[in-house]
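Enquirer: After the structure tokens below, expect a handful of questions from me.
The values are calculated or read from the model by the stated rules, or taken from the named source; none is laboratory data. As the structure is a prediction and not an experimental result, all values here were calculated from the model. Cβ coordinates were reconstructed from backbone atoms using ideal geometry, including for glycine residues, and neighbour counts include every protein chain displayed.
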Amino acid sequence: MGNGTSIGRVRGLGSAKAGPHHWLQQRYTAIGNLLLGLWFAISILLMPNLSYAAVTEWLGSPIPATAMALLIISTIWHARLGLQVLFEDYVHDDGSKFAVLAILNLVSFAAAAFGLFCVIRLALGGA
Amino acid sequence: MAQAGTRNRPLSPHLQIWRWGPHMFVSILHRVTGSGNVLGLAILLWWLGALASGPGAYAFFAQVMTSPIGYIVLVGVSWSFFTHMMSGLRHFVLDIGAGYELEINKIWSIACPVLGVILTVLFWAILLLR
């Protein structure tokens, strides 16, 4: 970044060209969340009760297990994108911003891995 | 750039400048409920973890969540979920370039949070009264 010419003063300060991709992914995952969230809410209401036996039997069957795995991926992905925007808006210090975004990525992947592991264990009868 | 940041440049007006309207409320509510849904995700993961761990862990989860504070939290995250869903649907409409007329925009800015509350009440009414 130079101080000489007018082009030198602005070079490198524009968009990183990654915004539309982030924006679209937020929408794609929102569509997934809408379908899967409604599925989950309705499923809770349709279950005879929320006892351990009833819920494990339900999550042990193929379609609920698949939908729950997709729900975990879609919602955590969406949350990761949304929280990224939140941190970029409110954390102004470059070093702190890098740190919270790094932590956000680690926690998001850990949360998704944990959720998927639990669903697989329930679906494949490990529990 | 070196000089641009140091010059006393005008700032764009922020929240305290504008007269408040429902569109501002629903916009902030969308961000608040989106953040609130992270708590919902944490509870969902605890629920799945308890299920995968066995009946003992699930009994503890159920005991916490059926306590008075547990119910308050669950009602809160369900309200957050439904409200974020409704204001998210509003965003889909705005994204295609519709719904910016002042009257229409105002109607849906009020309707979305109201529908979020109605869906929350319906959900719990069905869950508890079935």
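Enquirer: Residues in the range B:18-41: is at least one part of a loop (DSSP other than H, G, I, E, B), more than 10 Å from the chain's Cα centre (by Cα) and at pLDDT 95 or above?
Expert: No - not one qualifying residue is present in the range B:18-41.
Enquirer: Within the set of pairs 6 or more residues apart or between chains, which connect a residue that is more than 7 Å from residue A:78 (Cβ to Cβ) and facing chain B (nearest Cβ under 7 Å) inside the range A:26-37 to a residue that is in a helix (DSSP H, G or I) and hydroxyl-bearing (Ser, Thr, Tyr) with Cβ atoms less than 9 Å apart?
Expert: Within 9 Å, the pairs are A:37/A:74; A:37/A:75.
Enquirer: Of (1) outside any loop (DSSP other than H, G, I, E, B); (2) of a type in the set (A, V, I, L, M, F, W, C); (3) more than 7 Å from chain A (Cβ to nearest Cβ), residue B:15 satisfies all except one. Which?
Expert: (1)
Enquirer: Does residue A:70 satisfy the criteria of being surrounded by 12 or more Cβ atoms within 10 Å (Cβ to Cβ) and not acidic (Asp, Glu)?
Expert: Details: surrounded by 12 or more Cβ atoms within 10 Å (Cβ to Cβ): yes; not acidic (Asp, Glu): yes.
Here the answer is yes, as residue A:70 does meet what is asked.
Enquirer: A further question follows. Of these, A:59, A:101, which one is under 22 Å from residue B:56 (Cα atoms) and at pLDDT 95 or above?
Expert: On the way: A:101 fails: under 22 Å from residue B:56 (Cα atoms).
Result of the check over A:59, A:101: A:59.
Enquirer: Taking residue A:79, is it of a type outside the set (S, T, N, Q), within 24 Å of residue B:81 (Cα to Cα) and within 12 Å of chain B (Cβ to nearest Cβ)? Full working, then the answer.
Expert: On the way: of a type outside the set (S, T, N, Q): yes; within 24 Å of residue B:81 (Cα to Cα): yes; within 12 Å of chain B (Cβ to nearest Cβ): yes.
Judged against the criteria, residue A:79 is a match.
Enquirer: When the residues of the range A:39-57 are narrowed to those that are more than 10 Å from chain B (Cβ to nearest Cβ) and out of contact with any Phe, Trp or Tyr (no Cβ under 8 Å at 6 or more places or on another chain), which ends up farthest from residue B:66 (Cα to Cα)?
Expert: A:39
Enquirer: I'm checking my understanding of the structure. Among residues of the range B:31-69 that are in contact (Cβ under 8 Å) with a residue 24 or more places away in the chain and at the interface with chain A (Cβ under 9 Å from one of its Cβ atoms), which one is surrounded by the most Cβ atoms within 10 Å (Cβ to Cβ)?
Expert: The residue in question is B:37.
Enquirer: Given the criterion part of a helix (DSSP H, G or I) and out of contact with any helix residue (DSSP H, G or I) (no Cβ under 8 Å at 6 or more places or on another chain), identify the matching residue among A:57, A:88.
Expert: A:57
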